[in-house]
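The values are calculated or read from the model by the stated rules, or taken from the named source; none is laboratory data. Fair warning: this is a prediction, and the values are worked out from it, not measured in the lab. Glycine gets a Cβ as well: all are built from the backbone with ideal geometry, and neighbour counts include every protein chain shown.
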Amino acid sequence: MRRQLVALGPEGSTDMRNRMLWTLGILLVAVACTRNEPPKEASPAPATTSNAPRADVRIAVVTHGQASDTFWSVVKNGVDRAAKDLGVTVTYNAPQTFDMVAMSRLIDAEVAKKPDGIVVSIPDPNALSRSIKAAVDAGIPVISINSGSDIYKQLGVLLHVGQTEYEAGFGGGEKMAASGVKNVLCANHEVGNASLDLRCKGFIDAVTKAGGTGKVLGVNAADPTDSQQKVLAALGDGVDGILTLGPLGSNAALAALKQNGKIGQIKLGTFDLTPDVLAGIRDGQLEFAIDQQQYLQGYLPIVLLTQYKLYGVLPAGGILPTGPGFVTKETAARVIDLSKQGIR
Amino acid sequence: MRKLLNRPEFGAVGGTAAIWLFFAFYAGGSGFLTWPGTASYLEIASELGILAAAVSLLMIAGEFDLSVGSTIAATGMTISLLCERLGWSLWAAIAAAGVLALGVGFLNGLVVVRTRLPSFIVTLGTLFILSGSTIGVTRLVTGRTQVGGLHEALHYGAAETLFASRIGGFSVSIFWWLALTALTAWVLLRTRFGNWIFGAGGAPDAARNLGVPVARVKIALFMTTALAAWFVATSQAIKFTGTDVLRGTGKELEAILAAVIGGTLLTGGYGSVIGAGFGALIFGMVQQGIVFSGIDSDWYKVFLGAMLITAVLVNSYVRGKVMEARR
Amino acid sequence: MRDAALDVPLLEAEGLAKSFGGITALEEVSLSVRAGEVMCVLGDNGAGKSTLIKTLSGVHLPDRGRLRIEGQEVRLTSPREARAHGIATVYQDLAMVPLLSIARNFFLGAEPTKGVWPFRRFDMRTADTIVRAELEKMGIRVRDTSEPVGTLSGGERQSVAIARAVYFGARVLILDEPTSALGVKQAGVVLRYILQARSRGCGVILVTHNPHHAWLIGDRFTLVNRGRSLGTFSKEQLSREELVRQMAGGQELEELSHELGEAVRVSSG
């Protein structure tokens, strides 16, 4: 063995060391080139003293939705736009998949960086409460978005920006009742999901309040054929209005209505926007879609935290409802445009 | 000195140093070098490291366990459901989950050994079965996908001290990780059983003919990986006072990656538990370091992939030198 | 000159037959080996040599025929059982893990330990001492037994495998083509080693298709062709040329030679 080692010699080991160093060096250079722009660039507005502190404002956004997801990419667009408009620095982080453990660690990391404010979503209060409380205890103002509207206050979060499910469903019910609907179905594709249950409850309460009746129909999210047939079967009872809670439900309901030819006669409303839904509204197949307006969930918290950092002002707490925003035939065309730009 | 180069961990140690230097340079000011920053990536490393130690043993014996991630979800959810729904004491629930883990590991091992199917396939099947069962049972029983409230369980305080407390700001998981890695490495390198692991992976037929109980070794190792998953699930359930059905998703691949970065061959017969520990450390540093340095998190995967390839290249280069036969 | 007491063969096979499905690998093979003797089994490829080895070492059970160890009839149902009876087989792949150290390979499955459970440790120091000593006896000096076995030359690796078999008490060594992948010098190392084993009282069954090597160290020769043994000859009974001729195909080769000769004449005429 030593004979061989002598042959390997200093040249051999240096050779390998060099190769390693080169590889590492190239790696370092490659990654360095992908760094975000440093915050201290020229600000867009005239360089008065009031702008200088703005550039120092750093806000961290940690959500459970990846920027590659169509819903969350709109949120991120809101975040980025606000950062640009205000001239502050914002980072957006999310775990690679729905992973509460990773998300809480991301929050911890951001807290260690001592930002001027943190924006979080709270899909799992149990898992995230420790990290959020730690952020609050560290004196960092926290605003929550999208999920956690029922628990944010207990964690010390200052504000919640999002859509409250019950009110959204209620708003949908009011709208339907206003157009004369008396007997409604609420097609829930995930019975047991507390948020969705609340939507249906609000919806039916509103219709009942206006003198009508309604009931919940559970459909199978994973089986569109099953859902379609279930809706069809339930339509026989003189139903004249349906609310679905997402694209999965709305696709099934549309198919059912097409099948029995009642499209346009039975009023259909849904939650959340997709290109199909928007086209359906434009073509008169759907009455309305309830838009969470998640762009605002990205935009507004940045504005609020910046003002808080600069001047100490903040709305006195509570929930800023970004929804329900209704998209109807009149506004469908414009929304389709904006959807292409990633704003709705 | 040459001996150092020949060790399977060499690539991983070098890589760790390089990554640390990189982030110290780029993100030192923004928290990477602070104590809390260090504690955060060490904690991530510790949980992955416990998995990687067990997984590397199994890989050295020539098998894969893709069900580790879903075992985390299943055992964690078992603990949460037993406590929240049935009011069990935490220790009892943890023990029950441990029995589940042993059962899963035993079945994995038995099927692999009896059917001679590739363990990749068998454990992939287990992954689906476990993952689906976890989701199905949880929704059936609770109608939700997250089960919390563990802090109200009996004996939570004691369990919290054991699994979720912090010493000087550093999670106690880190100490568990170091202890378990040391134990595993000792078993591999200093016991008879460890030699059997090498033999079972490097030349299974020959080993069998020489009297090594290859089947028993493999079954034992599958049970070990399942137990590692159970340990991590317990830690996380206690830390986060609950479980969700998707917990642990993807951890099996990360553990394999950490083991490979640490010098373990995919073909078996060669590897290092200490190396897997460094592999897990690299993971932790990269995951948090990217956040600290402000690099867009989309590049996390690129970074990881590049590092993996580099590590494997270095490892095989070193191994090639080691294997050069005399004339 | 052989002592009468030593004449009970260590291993004796009588009338072995083995088929796989419709293919007959062994039809009627008999051989025996005594202590301190090298029995060469020679045959062309496809003659059934590997099946023979596997039958003798317990991998296969013969369909017909008997095996006797020191006169006692045995049924070998597994390689481990064969090993327990003192039959050690060194296959061509050597049963070594290349990336593992010499000491670990040597003691695989029979590791020396010290201490009590749960602290029972692999006794590396003892292992190192023994391996060094055994290899020394066979003429190989190793600097470091923790070097991977893959760094040894082919011949040295063979020798380590044989040393392992001898150390663990093999009475009968069965070697499958030990020199076929080796150059002359390396083959010399192995052959010398085999002679050492013989002088220690082992019975060696050497399976090879190289008649020259066989002639160098064999005491008796069994020729096998198409699953049948064509007879056992001692060195006195067989000349080297005859051995080579038989090995190379004997009768068939002569006919082939005539045929080819004809073909050459016809084409050039």
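Listed values, structure above:
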{"item": "Selected residue (criterion: surrounded by the most Cβ atoms within 10 Å (Cβ to Cβ)) from residues of region A:114-145 that are of a type in the set (Gly, Ala, Ser) and without any contact (Cβ under 8 Å) to a residue 40 or more places away in the chain", "result": "A:Ser144"}
{"item": "Residue check for C:Ala35: touching a Phe, Trp or Tyr at 6+ places or on another chain (Cβ under 8 Å), over 20 Å from C:Arg226 (Cβ atoms) and buried (at least 16 other Cβ atoms within 10 Å of the Cβ)", "result": "no"}
{"item": "Filtered residues of region C:230-243 (kept if surrounded by 14 or more Cβ atoms within 10 Å (Cβ to Cβ) and in contact with a helix residue (DSSP H, G or I) (Cβ under 9 Å, 6 or more places away or on another chain))", "result": "C:Leu230, C:Phe233, C:Lys235, C:Leu238, C:Leu243"}
{"item": "Selected residue (only one of C:Val131, C:Val166, C:Val189 is among the β-branched types (Val, Ile, Thr) and either modelled with pLDDT of 85 or more or more than 26 Å from C:Ile87 (Cβ to Cβ) (or both))", "result": "C:Val131"}
{"item": "Counted residues, region C:107-118 - those being part of a loop (DSSP other than H, G, I, E, B) and more than 9 Å from chain B (Cβ to nearest Cβ)", "result": "4"}
{"item": "In region C:152-188, residue farthest from C:Met39 (Cα to Cα) [restricted to those that are outside any helix (DSSP H, G or I) and facing chain B (nearest Cβ under 10 Å)]", "result": "C:Leu152"}
{"item": "Count of residues meeting criterion [within 17 Å of the chain's Cα centre (by Cα) and in a strand (DSSP E or B)] in region C:211-228", "result": "5"}
{"item": "Yes/no for A:Gly148 being outside any helix (DSSP H, G or I), free of Cβ contacts under 8 Å to residues at least 40 places away in the same chain and over 18 Å from the mean Cα position of the chain (by Cα)", "result": "no"}
{"item": "Residue ID - nearest to the other protein chains (Cβ to nearest Cβ), chosen from residues in region B:225-248 that are under 17 Å from B:Glu63 (Cα atoms) and buried (at least 21 other Cβ atoms within 10 Å of the Cβ)", "result": "B:Ala229"}
{"item": "Pairs with Cβ under 6 Å, 6+ apart, first in region B:110-121 and free of Cβ contacts under 8 Å to residues at least 12 places away in the same chain, second surrounded by 15 or more Cβ atoms within 10 Å (Cβ to Cβ)", "result": "B:Val111/B:Val122"}
{"item": "Region B:156-171 - residue that is among the hydrophobic types (A, V, I, L, M, F, W, C) and within 18 Å of B:Gly76 (Cβ to Cβ) and, of those, nearest to the other protein chains (Cβ to nearest Cβ)", "result": "B:Ala164"}
{"item": "Residue match in region A:123-138 (condition: over 25 Å from A:Val57 (Cβ atoms), of a type outside the set (Ser, Thr, Tyr), within 14 Å of chain B (Cβ to nearest Cβ) and not in a helix (DSSP H, G or I))", "result": "yes"}
{"item": "Qualifying positions in region A:233-254 - surrounded by fewer than 21 Cβ atoms within 10 Å (Cβ to Cβ), within 19 Å of A:Glu287 (Cβ to Cβ) and over 28 Å from the mean Cα position of the chain (by Cα)", "result": "A:Ala234, A:Leu235, A:Gly238, A:Asp240"}
{"item": "Which listed residue is farther than 19 Å from A:Val327 by Cα, buried (at least 24 other Cβ atoms within 10 Å of the Cβ) and over 25 Å from the mean Cα position of the chain (by Cα), from A:Val219, A:Val184", "result": "A:Val184"}
{"item": "Qualifying residue in region B:145-155 (condition: part of a helix (DSSP H, G or I), surrounded by fewer than 20 Cβ atoms within 10 Å (Cβ to Cβ) and more than 14 Å from chain C (Cβ to nearest Cβ))", "result": "yes"}
{"item": "Leading residue by the ranking (modelled with the highest pLDDT) among those in region A:203-223 that are of a type in the set (A, V, I, L, M) and not in a helix (DSSP H, G or I)", "result": "A:Ala210"}
{"item": "Checking C:Ile194 against (1) within 18 Å of C:Leu135 (Cα to Cα); (2) more than 11 Å from the chain's Cα centre (by Cα); (3) in contact (Cβ under 8 Å) with a residue 60 or more places away in the chain; (4) buried (at least 17 other Cβ atoms within 10 Å of the Cβ), the condition it does not meet", "result": "(2)"}
{"item": "Subset of region B:131-144 [of a type in the set (Lys, Arg) and either in contact (Cβ under 8 Å) with a residue 24 or more places away in the chain or assigned to a helix (DSSP H, G or I) (or both)]", "result": "B:Arg139"}
{"item": "Of all residues making up region B:275-289, the number that are facing chain A (nearest Cβ under 9 Å) and either in contact with a strand residue (DSSP E or B) (Cβ under 8 Å, 6 or more places away or on another chain) or among the β-branched types (Val, Ile, Thr) (or both)", "result": "0"}
{"item": "Helices (runs of 4 or more DSSP H) (entirely within region B:192-271) containing at least 3 residues that are closer than 21 Å to B:Phe10 by Cβ and not hydroxyl-bearing (Ser, Thr, Tyr)", "result": "B:192-202, B:251-261"}
{"item": "B:Ile295 being touching a Gly at 6+ places or on another chain (Cβ under 7 Å) and either closer than 30 Å to A:Lys76 by Cα or surrounded by 24 or more Cβ atoms within 10 Å (Cβ to Cβ) (or both)", "result": "no"}
{"item": "Residues within region C:119-135 that are within 12 Å of another protein chain (Cβ to nearest Cβ) and in contact with a helix residue (DSSP H, G or I) (Cβ under 6 Å, 6 or more places away or on another chain), tallied", "result": "3"}
{"item": "Only one of B:Phe128, B:Phe163 that is surrounded by 19 or more Cβ atoms within 10 Å (Cβ to Cβ), of a type in the set (Phe, Trp, Tyr) and outside any loop (DSSP other than H, G, I, E, B)", "result": "B:Phe163"}
{"item": "Failed criterion for B:Leu183 (all others in (1) away from chain C (no Cβ under 11 Å); (2) over 30 Å from C:Gly169 (Cα atoms) hold)", "result": "(1)"}
{"item": "Matching residues, region B:169-226, being closer than 23 Å to B:Gly105 by Cβ and basic (Lys, Arg)", "result": "B:Arg192, B:Arg208, B:Arg216, B:Lys218"}
{"item": "Options B:Leu124, B:Leu150; residue that is under 21 Å from B:Leu227 (Cβ atoms) and in contact (Cβ under 8 Å) with a residue 60 or more places away in the chain", "result": "B:Leu150"}
{"item": "Pair list, Cβ under 8 Å, 6 or more apart: region B:27-40 residue crowded, with 23+ Cβ neighbours inside 10 Å, other residue among the β-branched types (Val, Ile, Thr)", "result": "B:Phe32/B:Thr38"}
{"item": "Qualifying residue in region A:63-86 (condition: at pLDDT 55 or above, facing chain B (nearest Cβ under 9 Å), within 21 Å of the chain's Cα centre (by Cα) and part of a strand (DSSP E or B))", "result": "no"}
